[in-house]
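Please treat every number below as a calculation from the coordinates, not as lab data. Here the structure is a predicted model, which means the values were calculated and not measured. Glycine gets a Cβ as well: all are built from the backbone with ideal geometry, and neighbour counts include every protein chain shown.
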Amino acid sequence: MKISIEKSCYMIFTKSTREELTLDLKIYGDNLKRQDEIKFLCIRFDSRLTFSPLIDELKERCNSRLNLIKILSNKNWRLHHKTLGNLYKSLIGSILDYNFSCSNSLSDTNIKKNFKLFKTQQFDPFLI
């Protein structure tokens, strides 16, 4: 098995605000790139483990899917409220369920951002 140097990088996780550390890591004689943000298994990690990029991406993805549900909830479509609830669970609930494995590490700001998503919704899935 051979490691791909182009796809490999490293990240240093720290809460420190001091100057950034850099390491001289090499594979097959080539230096690895240092990154401040990495996407691994559809979860974005930042170097301070605040998960801010993940929350912003979740908000964007959920809002675009929520707009679709809002369009379909128009009375002209004549969809039953249980159908809309199932759409919500499959389109939005699946995203939140997968990505909430890191919810224990969220900062207070990100928790407020996340719950703001539900407060601003016109469609309330909890009534179904």
For 27-40, 77-90, ranked highest to lowest by mean beta-carbon neighbours within 10 Å, the order is 77-90, 27-40
Here segment 83-93 yields Karplus 3J(HN,Hα) values (6.51, -1.76, 1.60; θ = phi - 60°; whole Hz; Gly and Pro given as x) of 5, 5, x, 5, 4, 4, 4, 7, 7, 9, x
Descending packing, highest mean Cβ count within 10 Å first, for 60-73, 43-56 is 43-56, 60-73
From the cross-link list 15/112; 33/112; 39/75, the entries with a Cα-Cα span beyond 30 Å are 33/112; 39/75
